[in-house]
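Quick notes on the structure that follows.
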Amino acid sequence: MRIARFGILGALMFGVVGCQSKDTGVTRPDIPPLAFVRYINAVPDTFNLSVRFIDQLEFVPQSFANVPYGSEGQGGFQGIEAGEHRFRVFTYDSDLTSNNGATSTTDMLVDTTFTFVAGEHYTLLHAGFARAGQLPAQRLYIIPQTLPAENASVSVLAVNAATNLPAGVSTVDLVAGATTLGTGVAFGTTAAAYGTHTPGEAVADFLQSGTATVIASDTMPVGVPASGSASAIAGSTIGGSVFTAVLFGPSVPGSRARAASAPFIEWFADRQPPAAP
């Protein structure tokens, strides 16, 4: 009996040693080819919104939850495994407890599938009215974005996501001082390319196309220069910064959307300035 017991103990000890020997190296995850995606909520008449990728859990964004009107999902551009993905957008109500605030498919606004290409950037621009009978009706605009090559200028892409604009306004231009950053931008679209601005403080205006009529005006974020070990933060004074400027319309009074009584501009960093040499 003693021999049998020692035999079993020896086998167990051998197994422990074997397990330990396999755990001494550094484990590196196999990261697949990635695309990059972000979500912007431009629906002016409903709750905050949440995006759920429903085909897999690994290598898809998890932070596009409870996004207010006029905001982007936490973290901006996030990596997503290249290839086809199915995802949905739900309303979010903090007073409800199931599904992180989204109660069921009756609260679902979008159910779609899209193929993301490795290395490319995409903005999921959710714009239009959620309430029945209102036009334009809400939909998800999936916008490929080609970020500019690194340069010493400040690059800005103009996006029009504004409902409830004054009568007769069909397209908008974006200018900063004497510099034109984008022209003829229709609802749910971007300017044809990034505009470039010489680094420096500036006020940007969205104008009714071809006129001097100001739709919305805002001071461009100035950014923060690099200091010691801290990297620079994108801004109008920091060369190499890359932004998207989105025009939003006023929210619907009495709705659960973030309150906004007039059109406004929000700035989203597409890429931070390059690290100091």
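Listed values, structure above:
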item: The range 186-231 - accessible surface per residue (Å², probe 1.4 Å); result: 53 Å²
item: Gain in span if fully extended, A149 to D111, counting 0.36 nm per residue against the direct Cα distance; result: 10.3 nm
item: Listed residue (A234, A257, A186) projecting farthest to the positive dipole end of the range 181-277, Cβ model; result: A257
item: Neighbour net charge for S155 - beta-carbon separation under 14 angstrom, K R +1, D E -1; result: -1
item: Cut-off 13 Å between beta-carbons: net charge of the residues surrounding G83, Lys and Arg +1, Asp and Glu -1; result: -4
item: Net charge of Cβ neighbours under 12 Å - reference G254; Lys, Arg +1; Asp, Glu -1; result: +1
item: Protein accessible area in the range 135-219, 1.4 Å probe - carbon and sulfur %; result: 53 percent
item: Translational D in µm²/s for the range 25-79 (Stokes-Einstein at 20 °C, 1.002 mPa s, Kirkwood Rh from C-alpha pairs); result: 168 µm²/s
item: Difference of contour (0.36 nm per residue) and Cα-Cα distance, T219 to T198; result: 6.1 nm
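The values are calculated or read from the model by the stated rules, or taken from the named source; none is laboratory data. Quick caveat: nothing in here was measured; it's all calculated off a predicted structure. Ideal geometry is used to build each Cβ from the backbone, glycine not excepted, and the neighbour counts take in all protein chains shown. Note: accessible area is taken over every heavy atom of the protein model, side chains too, but ligands, DNA and RNA are not part of it. Shrake-Rupley method; radii C 1.70, N 1.55, O 1.52, S 1.80 Å.
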